[in-house]
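Here is the structure we will look at.
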Amino acid sequence: MEIDDHNDEIKACERCRLHENRTQAVPNQGSADADVMIVGKMVGYKDDKVGLPYQGEAGNVLDYALERADKTRKDVFLTNLTRCYPPESRDPRTDELDRCAPYFERELELVDPDVIVALGKLVAERILGRDVKIGDEHGTHHTYNTLTYRGEVVVTYNVGAATYEPGLRDTIAEDIVHAFDLV
């Protein structure tokens, strides 16, 4: 399957209740040949309206971090664990994450990145399969190994957190720079 076919499948998805309230499902963005994949937990309100991930203030934080790494959105593969905006920005529920998981797994196969950047506790825990303390583990990297993918995972804060704690902008940027240093 090619990335365009994959994205068409995402746009038509009705696997879970999240499709009922969305404006549109939001597929990935960036290069399918990227060495670095950046993964968030969910589509935001503005993402849902525009149809692209990481819009609004959280997107500005991400763009700042990429700029610090001397990169742009075209140099990475941007995705989320869920592709539809949850009502009232609530966290995705376990069953919603599980229903969307095959999209992420397919993206790992299609992109085959060297490094995954896990944005936030929920993403890091889903990928690493264990409890994660972001305050203690941000900037660290871990080997991720499944039957279809082997690479490094860099843990950092959710870019949305920096909209409430502006001091995290530089921390997230440093962690993303570190991810590119691993390539």
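Only the coordinates and a few stated rules stand behind these numbers; no lab work does. These figures come from a predicted structure and were not determined experimentally. A quick note on method: Cβ atoms are made from the backbone with ideal geometry, for glycine too, and the neighbour counts reach across all protein chains shown.
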Handout entry: Using θ = phi - 60° and Karplus 6.51 cos²θ - 1.76 cosθ + 1.60, couplings along segment 32-41 (whole Hz; Gly, Pro as x)
Key = 6, 9, 5, 7, 10, 10, 10, 10, x, 7
Handout entry: Separation of alpha-carbon centers, segment 50-69 and segment 142-183, rounded to whole Å
Key = 14
Completion exercise
Labelled set (1) 9.3; (2) 10.0; (3) 10.8; mean projected area of the Cα convex hull in nm² computed from this model equals the value at (1)
Completion exercise
Along segment 131-141, Karplus-curve 3J(HN,Hα) (6.51, -1.76, 1.60; θ = phi - 60°) to the nearest Hz, with x for Gly and Pro, reads 5, 10, 10, 4, x, 8, 10, 4, x, 7, 10
Practice task
Tabulate in residue order the Karplus-calculated ³J(HN,Hα) for segment 45-60, using 6.51 cos²θ - 1.76 cosθ + 1.60 with θ = phi - 60°, rounded to whole Hz; enter x for Gly and Pro.
Solution key: 4, 5, 4, 4, 6, 8, x, 10, x, 6, 9, x, 5, 4, x, 5
Problem - Near-label residues of segment 123-158 by backbone N, under 18 Å of a point 7 Å along Cα→Cβ of residue 174 - result: 133-142, 154-158
Completion exercise
Given 65-74, 47-56, the highest-first ranking by average Cβ count within 10 Å works out to 47-56, 65-74
Handout entry: Beta bridge orientation in the chain: antiparallel %, DSSP, nearest 5
Key = 35
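So what is the calculated 222 nm ellipticity per residue for the chain, using -39500 (n - 2.57) for each DSSP H run with n of 4 or more, over all residues, to the nearest 500 deg cm²/dmol?
-11500 deg cm²/dmol
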